[in-house]
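Laboratory data are not the source of any read-out in this text; all were calculated from the coordinates shown. Fair warning: this is a prediction, and the values are worked out from it, not measured in the lab. Note that we place each Cβ from the backbone using ideal geometry, even for glycine, and neighbour counts take in every protein chain shown.
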There are 4 protein chains.
Amino acid sequence: MYISVDPKSSTPLYVQIKEQMRLAVASGAIKPGEQVPTVRDLATQLRINLNTVARAYRELQSEGLLTSRQGSGTFVSPDAKAISQAESRRMVKQMLDRIAATARSLQIERDELLALVAEVMDKMSQQADTNPEVNGDE
Amino acid sequence: MYISVDPKSSTPLYVQIKEQMRLAVASGAIKPGEQVPTVRDLATQLRINLNTVARAYRELQSEGLLTSRQGSGTFVSPDAKAISQAESRRMVKQMLDRIAATARSLQIERDELLALVAEVMDKMSQQADTNPEVNGDE
Amino acid sequence: MYISVDPKSSTPLYVQIKEQMRLAVASGAIKPGEQVPTVRDLATQLRINLNTVARAYRELQSEGLLTSRQGSGTFVSPDAKAISQAESRRMVKQMLDRIAATARSLQIERDELLALVAEVMDKMSQQADTNPEVNGDE
Amino acid sequence: MYISVDPKSSTPLYVQIKEQMRLAVASGAIKPGEQVPTVRDLATQLRINLNTVARAYRELQSEGLLTSRQGSGTFVSPDAKAISQAESRRMVKQMLDRIAATARSLQIERDELLALVAEVMDKMSQQADTNPEVNGDE
DNA sequence: GTGGTCTAGACCACC
DNA sequence: GTGGTCTAGACCACA
């Protein structure tokens, strides 16, 4: 399954679900029109409460990523891919803005920061090479 | 005074105080050994609750940036500058890690991300030139 | 066939069936005394669940629009036309009441609201001229 | 107090709260910058659950009408009036669209519908004259 | 004190 | 079976 959550994280569970769902769609792991797990199924699988999943789904709906029909289930919207990519990119940019602000006040120079980013990304891709499939299943 | 807060910001007041205090030390605006305002003074000056300031000071103490001497007040630690810089750099790295992770799953390439970072930083420094006093918060 | 449904619409399927059935009678497309499709037939034709059609029929019966005779099928009531018109008019009035209430509290004037209604209706009839078959749902 | 709900209504409680809050702002009963009742207060006053109020507030927040700060309360946004009026008008138009559709399929003529609207609105304003202040308080 | 999150469990509407 | 709403009650973060 493409979703996993960390109950110890400080980011709320429903936000974790939203983020992962957006990524799953943006990366093509789930495709427009497909059905996503029922709230009950996902809740029991993640061992969290039904309402928490329902909230995540509900907010993804008002974001336009999902559509659900009573009695039949919840589905990925036809234009979900574009929405999720736009949304995710927006969030990356926002995070970058915040980083730039802190970096500036720390008088970290432009080039130093770029070097840091490169370093982090390279480290990541190496990890991905040795361990191509991370699965949060327990 | 070297501290100001924005009550409308989404970042908690006590975090804003901590950040500005670290920044003031890192940038040299306030030097090791100097005394910082009393909790009471800073609270009335910023028109916020006394407990909020107390919490910020308390956490900065356990971080090693501040030290309080019974009866005489709170002072900047001798090695505060190193501490604040190390702490801030640690935070930047952590944020970068998270960004890199999302970027990767969005299949944003290394170079594309670097370009984004450069863009954001350049925009920032331009703003700083025209408008030297900016509070980039929300 | 005089019935069609849109599974993507937010209005429940059984409501869509009821509305279209009432409309078919009100407009004369189907006449008192005629037989309507069996529950099973309509369900397979519309590719929806049998229970959904059954519910629509059941409620239309208790409304007096349809009557079923044991073993021979379901038929349009003799006085169906009057019933469907009365029922529909009742619903329009009810909706108008709610609109008027909100409009009033928004301090939308009587004449302004009338203008809005006229505008909407004119737009509709134009659309109907160019594209006679429209399902205005969702 | 400016809010009341009907637990028997088919429209969800949290939607009723949202609607009334929007109207309260649109009509000027609450002004930008003012604090709205705390979730706990409104919940006990309406004799409904805290979570239900919280949900209404949360959604009004993402709509831009309210802003809340942990620890200090929930407030009406500076530009709330424009938002609520736009939102309310949008909803009135949407309702009118639906009415027009039903009216058309019932072959209710343009002028007949306008007459109905006028009738309903006039009835309303008369009621308002004789009983200028309706208060849902029990 | 404030709002934010989460749980457990119930009931309803729809298919 | 599905999603949608509501409750009661708990715990946390913030001022």
(Q) I'd like to check something: does the stretch A:32-41 contain any residue that is under 30 Å from B:Ser125 (Cβ atoms) and more than 14 Å from DNA strand E (Cβ to nearest atom)? (A) no
Q. Just for the stretch D:63-117: of the residues that are more than 10 Å from chain C (Cβ to nearest Cβ) and basic (Lys, Arg), which one is surrounded by the most Cβ atoms within 10 Å (Cβ to Cβ)?
A. D:Lys81
**Q.** Condition broken by D:Gln45, with the remaining ones in (1) within 11 Å of DNA strand E (Cβ to nearest atom); (2) more than 14 Å from chain C (Cβ to nearest Cβ) satisfied
**A.** (1)
Q) Are any residues in the stretch B:1-20 of a type in the set (Ser, Thr, Tyr), surrounded by 12 or more Cβ atoms within 10 Å (Cβ to Cβ) and within 10 Å of DNA strand F (Cβ to nearest atom), and if so, which ones? A) B:Ser9, B:Thr11, B:Tyr14
Q.
Tally up the residues in the stretch D:26-43 that are more than 16 Å from DNA strand F (Cβ to nearest atom), within 13 Å of D:Tyr2 (Cβ to Cβ) and touching a residue at least 24 places away in the same chain (Cβ under 8 Å), please.
A. 7
Q.
Being over 18 Å from the mean Cα position of the chain (by Cα) and in a helix (DSSP H, G or I) is the filter here; which residues of the stretch C:44-68 pass it?
A. C:Thr44, C:Gln45, C:Leu50, C:Asn51
Q) Inside the stretch A:57-78, can you point out the residues that are of a type in the set (Gly, Ala, Ser) and within 13 Å of DNA strand E (Cβ to nearest atom)? A) A:Ser68, A:Gly71, A:Ser72, A:Gly73
Q.
So, in the stretch D:1-31, exactly how many residues are within 13 Å of another protein chain (Cβ to nearest Cβ), hydrophobic (A, V, I, L, M, F, W, C) and within 13 Å of DNA strand E (Cβ to nearest atom)?
A. 1
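Residues A:Leu46, A:Leu23, A:Leu60: which one is more than 9 Å from DNA strand F (Cβ to nearest atom), over 18 Å from A:Ser88 (Cα atoms) and surrounded by 14 or more Cβ atoms within 10 Å (Cβ to Cβ)? Full working, then the answer.
Values: A:Leu23 fails: over 18 Å from A:Ser88 (Cα atoms); A:Leu60 fails: over 18 Å from A:Ser88 (Cα atoms).
Of A:Leu46, A:Leu23, A:Leu60, the one residue that is more than 9 Å from DNA strand F (Cβ to nearest atom), over 18 Å from A:Ser88 (Cα atoms) and surrounded by 14 or more Cβ atoms within 10 Å (Cβ to Cβ) is A:Leu46.
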